[in-house]
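Asker: Quick one: this structure, given as C-alpha cells, is what I'll be asking you about.
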Amino acid sequence: MSTASALPTALIAGWARSAVAPHGGAFAALQAHEIAAPVIQALLTRAGIGPERVDAVVVGNALGAGGNPARLVALAAGLPDQSAAFSIDTQCCSGLDAVAMAVGLIASGQASVVIAGGVEAWSRSPIRQHRPLREGDAAVAYERPAFAPDPARDPDMLASAARYAAAQGWTRTAQDAYAQQTHERALAHQAFLADEIISINGLAHDPYPRRISGALAARMPAVAKYEDTECDGTDLLDCSLSALSISTKADGAGFVLLASPKACRALGLSPQAAWIASASVGCPPETPLLAAEAATRAVLSRAGLTSAETLAVIELHDAFAVQGLSFCQALHIDPLRVNRGGGGLARGHPIGASAAIALVRVLAELNREKPSSLGLTAVAGAGGLGAAAIVQRL
C-alpha cells in the first residue's frame, strides 16, 4: 500500500492543546477534566460544530487511578449525555493510542465524529497505597505500579535509561547537548505555538523551556548512573543522566477532532489532515525507551514507506535525551529533523497527554508544509510499549 493510494477512513478537522505546565505550576489546582474541557470547547468552536455532533470521546490518562476520566472530560466539556466515553491507559502512549482507537470507531462505523487525545493532571494525581494483607497492618505507599509481573523485568525507568546509556556509550556530554538544543528550539519556536495553545488560568505558552549555558548544564546534578559498565571498554566514561536530560513532571492536555469523510461533507467541516497509519507495539520491558523505534518501523511499513526520509515532520516524545539520540541513530534520521519546535525534554511530560500533544505539534507543523506532506508522531511507554502514527496534510 502507498500513502498516495490509501483511502483515509478518518480525517482530522482540527486540533488544540493546553500549555504544558510543570508539576505544581499554573495547573496545580486543576483536575484532569478541568484542563481538558477548555481545550475541547475551543476545538469545537474553531471547527464550527456544536457539541451535540460528537458521538464519542476517547481520552488517554495514566495517573487518574481508575474511574473513567473520559466521561468526566466529556460532561465537563458540555458534550451530550449520549456521547460514548472511553478511557485509555497505556502510560506514555495513552494519548496517541486514544486517537488510534478513535480512528477505529470511525472505521468500524460505530461513530462519525470523535474527539480524542489525552490529559494529565499530575499535580492532582491520587496518593497511591497498597492495601495491607492483614488487618491492622499499615498500607504501603508507592509511586508507580508494576509494569511487568516479574520484578527483574520491571526496572525503574531512570535506571533502565542509565543502563542503556552506559551500554551504548551515550555520554552525559552528548545527552546534555541534545537537551540544550531542544530547549533552544522551543524558545525560538514560541511565536509559532500561539495558534495551537488554548489559554487556561492565563497560561498560553509552554513555560519550561529556558536558556541553558554549557556551564549551567555541567553543574546540574546527575540523577541516574549505571556504575558497572566501561562505556568504551577501557576508560570509565560518564554516561550518567543529568537533571537536564530527563523530562520533568507536568500537567497538560491535547486533542484532535476526527470525522469520517461523509460526516465532514454533511457538517461542512474542512479537514486539514488525514490519518494514514498507526502502530501500537510491545518490546522488552527492560528497555522501554526502544519501543518508539519499533513502533516507527511498524508504522512506516504499514504506510508503505521504506524509510523516514520522505517525512516532512517528525515528533518524538523524548522522555530522555538518550532516547532521542538512540531513535535518530537507529532510524538514520538527522537529529535536526526531529522535534524542530522542541520536544518533551523542553516542554515537560504530562504522561497521558504527552503523545497527543506531540501529535498536535506534528499537525501544526504540517500546516506550514506543502499539501500531501507527511508527519510522524512516535512515543515509548512504561512496560515496553510503543506507539506511532503517520498523518498527511490535505
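Asker: For the ranges 240-247, 198-205, 324-331, 130-137, what's the packing order if you count other beta-carbon atoms within 10 Å of each residue, average per peptide, and put the highest first?
Answerer: Details: 240-247: 23.5, 198-205: 16.0, 324-331: 20.0, 130-137: 7.4.
The packing order, highest mean first, is 240-247, 324-331, 198-205, 130-137.
Asker: Identify, among 10, 56, 72, the residue whose Cα sits farthest towards the positive end of the charge dipole of segment 3-104, taking +1 on the Cβ of Lys and Arg and -1 on the Cβ of Asp and Glu, with the dipole about the Cα centre.
Answerer: In segment 3-104, that residue is 10.
Asker: Then there is this: Compute the FRET efficiency between residue 211 and residue 146 as 1/(1 + (r/R0)^6), taking r as their Cβ-Cβ distance and R0 = 45 Å, and round to the nearest 0.05.
Answerer: 0.70
Asker: Now a separate question. With θ set to phi - 60° and the Karplus curve 6.51 cos²θ - 1.76 cosθ + 1.60, what are the ³J(HN,Hα) couplings of segment 78-92 in order, to the nearest whole Hz, using x for Gly and Pro?
Answerer: x, 6, x, 4, 6, 5, 6, 9, 10, 9, 10, 10, 10, 6, 4
Asker: State, to one decimal in nm, how far the label point of residue 370 lies from the label point of residue 222, with both points 7 Å from Cα in the Cβ direction.
Answerer: With each label placed 7 Å out from Cα toward Cβ, I get 4.9 nm.
Asker: If you don't mind, another one. Going by amide H atoms built from the backbone, whose H comes under 5 Å of the H on residue 16, apart from near neighbours?
Answerer: Under 5 Å from the amide H of residue 16: 255.
Asker: Hydropathy at least 0.5 by Kyte-Doolittle, axial extent at least 18 angstrom from the Cα trace: which helices of the chain, defined as entire DSSP H runs, fit?
Answerer: TM-like helix candidates: 32-47, 94-107, 351-366.
Asker: Further question on the same structure: Indicate, rounded to the nearest 5 percent, the antiparallel portion of the DSSP beta bridges found entirely in segment 240-394.
Answerer: 75 percent
Asker: How would you classify segment 347-394 from its alpha-carbon gyration tensor, with a ≥ b ≥ c the square roots of the eigenvalues: rounded for a/c under 1.5, else prolate if a/b is greater than b/c, otherwise oblate?
Answerer: oblate
Asker: For residue 225, which aspartates and glutamates qualify as cross-link partners when the Cα separation must be under 19 Å and same-chain residues fewer than eight apart are set aside?
Answerer: Output for residue 225: 154, 156, 176, 235, 238, 286, 318.
Asker: How much length is gained if the chain between residue 334 and residue 153 is pulled fully straight, taking 0.36 nm per residue apart and subtracting their Cα-Cα distance, in nm to one decimal?
Answerer: Fully extending the segment from residue 334 to residue 153 adds 62.0 nm.
Asker: Rounded to the nearest 5, what % of the DSSP beta bridges within the chain are antiparallel ones?
Answerer: Numbers: 42 of 60 bridges.
Antiparallel bridges: around 70 percent, rounded to the nearest 5.
Asker: List the equivalent ellipsoid semi-axes of the chain in whole Å, largest first, each obtained as the square root of 5λ for an eigenvalue λ of the Cα gyration tensor.
Answerer: Semi-axes (√(5λ), whole Å): 32, 25, 20.
Asker: Given a Förster distance of 51 angstrom, what is the FRET efficiency for residue 110 paired with residue 195, based on the Cβ-Cβ distance and rounded to 0.05?
Answerer: 0.95
Asker: Can you pull out the GluC sites (Glu not before Pro) in segment 137-213 that DSSP calls coil and that have at most 16 other Cβ atoms within 10 Å?
Answerer: Here the GluC sites (Glu not before Pro) that fit, given the DSSP loop and packing criteria, are 143.
Each reported figure results from applying straightforward, stated rules to the coordinates on display, with no laboratory input. This one's a predicted model, so the numbers in the text were calculated from it and none came from an experiment. Reconstructed Cβ throughout: ideal geometry from the backbone, glycine too, with neighbour counts over all protein chains shown.
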